[in-house]
Amino acid sequence: MAYDKSIEAFETAYKVIPGGVDSPVRAFSGVEGTPPFIEKGEGAYLFDIDGNRYIDYVQSWGPLIFGHCDADIETSVMEAVKRGLSFGAPTTVETELAEEIVSMFESIDKVRFVSSGTEAVMSAIRLARGVTGRDNILKFTGCYHGHSDSLLVQAGSGLATFGTPSSPGVPDDLTKHTLLATYNDIASVEKCFEDAKGDIACVIIEPIAGNMGLVPADEVFLEGLRTLCDAHGALLIFDEVMSGFRASLTGAQGISQVKPDMVTLGKVIGAGMPVGAFGASAEIMAYLSPEGPVYQAGTLSGNPVAMAAGLTSLKKLKANPSMYVAFGMKAKKLVDGFQKAAAAVNVPMVTDVRGSMFGFFFSDKPVKNFADACDNDTEMFAKFHKGMLDRGVYLACSSYETGFICAATTDEMIEESIKAAYDVMREITA
Ligand SMILES: *Cc1c(COP(=O)(O)O)cnc(C)c1O
């Protein structure tokens with residue numbers, strides 16, 4: 001494939017945008033080549049400015065569960081646009097979207113909308129601290145919860161790709177209250193609670209981690225977190241910005257029996273528009289301004305155009321819950337195919353699937369935490385990624401990211417992608 005126009009566009013962008021991108025993962029730093037500049041999307045396909053077509057398994061990093069340019073979502077957005085872009089005043093569409101979320105998430109009575117996942121998590125943490133009157137929070141190495149200061153500690157994907165454990169510009173004073181434990185290792189959590197003498201406001205976790213590759217939490221581990229949080233009066237927050245409406249219609253909570261105290265959402269609930277949300281019981285949410293003392297606000301929060309996109313998307317999902325079975329089958333077929341293509345040339349690969357989310361590592365042992373995830377063959381991944389891109393298969397440009405199936409992904413596309421994987425594996429091991 002030719003990438004001439006993208007290469008030129010990247011050079012031009014580089015002059016006026018740091019690294020040529022507005023979010024680091026887009027820069028292809030961990031893999032070979034230049035990021036294609038996108039012209040348009042269509043269903044499960046992506047088209048770049050050189051006219052190349054790709055099967056898109058990134059889907060804007062998760063939000064586009066119906067693929068690009070879904071007719072229903074497009075119509076609802078166009079209608080909302082005609083009524084006005086923003087009012088800074090309440091609209092009924094916010095209530096409608098909130099009702100949908102509340103109806104599907106057992107642990108949520110009330111929800112507040114914001115404009116990104118980062119904002120959702122940042123606000124949820126503030127609320128958890130406000131409710132408990134405690135400062136310390138506990139997170140897991142390799143989990144990403146957005147780029148706010150106190151959460152930018154050992155935060156997986158984008159940072160893992162760059163080998164930066166945390167970031168300059170974040171004062172130690174702001175991260176000293178962020179305790180770190182190991183994913184799927186309850187003893188490490190127990191130790192944190194002991195060391196902090198129980199003084200922990202909340203434990204925040206991606207119950208299905210998607211930012212160190214796809215690494216789901218074990219059920220017994222989540223149960224252990226629930227028990228520890230209850231014993232010490234800490235709140236359990238499930239960050240489902242990625243897994244919400246991706247893993248199942250009710251996110252991780254459709255798969256696990258463990259109920260969190262608070263949930264953060266984003267990505268799919270905006271269907272490609274900037275939306276985030278955090279929710280909890282009415283009792284916890286009552287601490288939030290203007291009902292309670294914990295301040296949180298946003299000029300564009302609950303933006304009517306974004307709400308319209310999210311509402312249409314969630315209604316479509318709710319009306320057809322069997323979609324998740326189809327997503328899971330397609331995702332499994334894809335990663336099984338990748339695994340066989342690798343095995344055919346004696347390259348080990350481990351894979352996992354949760355609903356429309358899929359992950360694969362060039363590794364020969366199960367991946368349970370961030371250290372395991374880091375033990376993958378990143379050079380092999382970089383070559384695989386480049387080979388697949390050249391054959392029209394657009395995968396996330398880092399081995400620490402999750403892949404996504406959308407409603408427009410067909411079996412034929414999956415077969416084509418598997419065929420490409422065989423070609424690529426043969427080529428890079430020849
Ligand atoms: C993407 C993501 C975020 C951050 O959301 P943004 O909209 O990128 O700010 C937070 N938590 C998780 C689990 C995510 O996957």
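Taking the longest Cα principal axis of the chain as reference, the axis of helix 117-132 is set at about 20 degrees.
Charge dipole (Cα centre; +1 on Lys/Arg Cβ, -1 on Asp/Glu Cβ; no other charges) of the chain amounts to roughly 280 debye. The simple spin-label model puts a point 7 Å past each Cα toward its Cβ; for F87 and I7 those points are separated by 5.2 nm. Counting pairs of Cα atoms in the stretch 351-430, how many percent are more than 16 Å apart? More than 16 Å apart: 55 percent of the Cα pairs in the stretch 351-430.
Coupling constants for the stretch 27-35 follow from the phi torsions by the Karplus curve (6.51 cos²θ - 1.76 cosθ + 1.60, θ = phi - 60°), and in residue order they are 7, 6, 5, x, 10, 8, x, 10, x Hz; glycine and proline get x.
Amide H contacts for A181 (H built 1.01 Å from N in the peptide plane; partners 5 or more residues away or on another chain; cut-off under 5 Å): K139, F140, T141. Amide H contacts for E401 (H built 1.01 Å from N in the peptide plane; partners 5 or more residues away or on another chain; cut-off under 5 Å): G213. Each Cα pair under 8 Å and six or more residues apart adds its separation to the average, and for the stretch 103-226 the resulting relative contact order is 28 percent. Karplus-based coupling profile of the stretch 45-54, in residue order and whole Hz: 9, 10, 10, 9, 6, 8, x, 6, 10, 10, with θ = phi - 60° in 6.51 cos²θ - 1.76 cosθ + 1.60 and x standing for Gly or Pro. Taking the Cα centre of the stretch 308-430 as origin and assigning +1 to Lys and Arg Cβ atoms and -1 to Asp and Glu Cβ atoms, the resulting dipole is close to 540 debye. Our estimate of slack between M78 and I49, defined as 0.36 nm per intervening residue step minus the Cα-Cα distance, is 7.9 nm.
Measuring nothing but how far apart in sequence close Cα pairs (under 8 Å, 6+ apart) lie, relative to its length, the stretch 32-183 scores a relative contact order of 13 percent.
Using only alpha-carbon positions in the stretch 72-319, the gyration tensor eigenvalues give semi-axes of 30, 18, 18 Å once each is multiplied by 5 and square-rooted (largest first).
Could you compute the longest span of the chain free of chymotrypsin sites (Phe, Trp or Tyr not before Pro) located in DSSP loops and having at most 12 other Cβ atoms within 10 Å, not counting the site residues?
Formally, the longest exposed-site-free interval is 88-294.
Distant-in-sequence amide contacts of L235, defined by a placed amide H-H separation under 5 Å and a gap of 5 or more residues or a different chain, comprise C202, V203. Its residue count N fixes a reference of 2.2 N^0.38 Å for the chain, and the Cα radius of gyration divided by that reference is 0.95. Simple rule: put +1 on each Lys or Arg Cβ and -1 on each Asp or Glu Cβ in the chain, find the dipole, and look at C143, L314, V353; the Cα lying farthest toward the positive end is L314. Here the Karplus curve 6.51 cos²θ - 1.76 cosθ + 1.60, taken at θ = phi - 60°, turns the phi angles of the stretch 402-413 into couplings of 9, x, 9, 9, 10, 4, 8, 6, 9, 4, 4, 5 Hz, with x standing for Gly and Pro. Shape descriptor for the stretch 69-206: Rg over Rh equals 1.06 (Cα atoms; Rh from the Kirkwood inverse mean 1/r).
The distance between label points at E190 and E39 comes to 6.0 nm (points 7 Å beyond Cα on the Cα→Cβ vector). Between Y295 and A430, the C-beta separation translates, for a Förster distance of 60 Å, into a calculated FRET efficiency of about 0.50.
Taken along its principal axes, the alpha carbon cloud of the stretch 238-294 reaches lengths of 34, 31, 13 Å, longest axis first. Just to confirm the number: angle between the C-alpha axis of helix 71-83 and the first principal axis of the chain, 0 to 90 degrees, nearest 10? With rounding to tens, the tilt is 50 degrees. Summary of the geometry: the stretch 325-398 and the stretch 212-283, compared by the centres of their Cα atoms, lie 24 Å apart. Each of V77, F238, P366 was scored by the projection of its Cα onto the charge dipole of the chain, and the greatest displacement toward the positive side belongs to V77; charges sit on the C-beta of Lys, Arg, Asp and Glu. Taking the longest Cα principal axis of the chain as reference, the axis of helix 378-390 is set at about 60 degrees.
Across the chain, Cα pairs under 8 Å and at least six residues apart give a relative contact order of 22 percent.
Taking every protein chain into account, the accessible area of the chain amounts to 41 square angstrom per residue (probe 1.4 Å). At a 1.4 Å probe radius, carbon and sulfur cover how many percent of the accessible area of the chain? So the carbon and sulfur contribution to the accessible surface is 54 percent. Taking other residues whose beta carbon is less than 15 angstrom from the beta carbon of E74, and scoring Lys, Arg as +1 and Asp, Glu as -1, yields 0. Counted residue by residue at 0.36 nm each, then reduced by the alpha carbon distance between them, the extension gain from S281 to Q257 reaches 6.9 nm.
The values are calculated or read from the model by the stated rules, or taken from the named source; none is laboratory data. Given the structure is predicted, the values throughout are model-derived calculations rather than measurements. Here Cβ is always computed from backbone atoms with ideal geometry, including for glycine, and neighbour counts include all displayed protein chains. We work out accessible area using only protein heavy atoms, side chains counted, and drop any ligands, DNA or RNA first. Shrake-Rupley method; radii C 1.70, N 1.55, O 1.52, S 1.80 Å.
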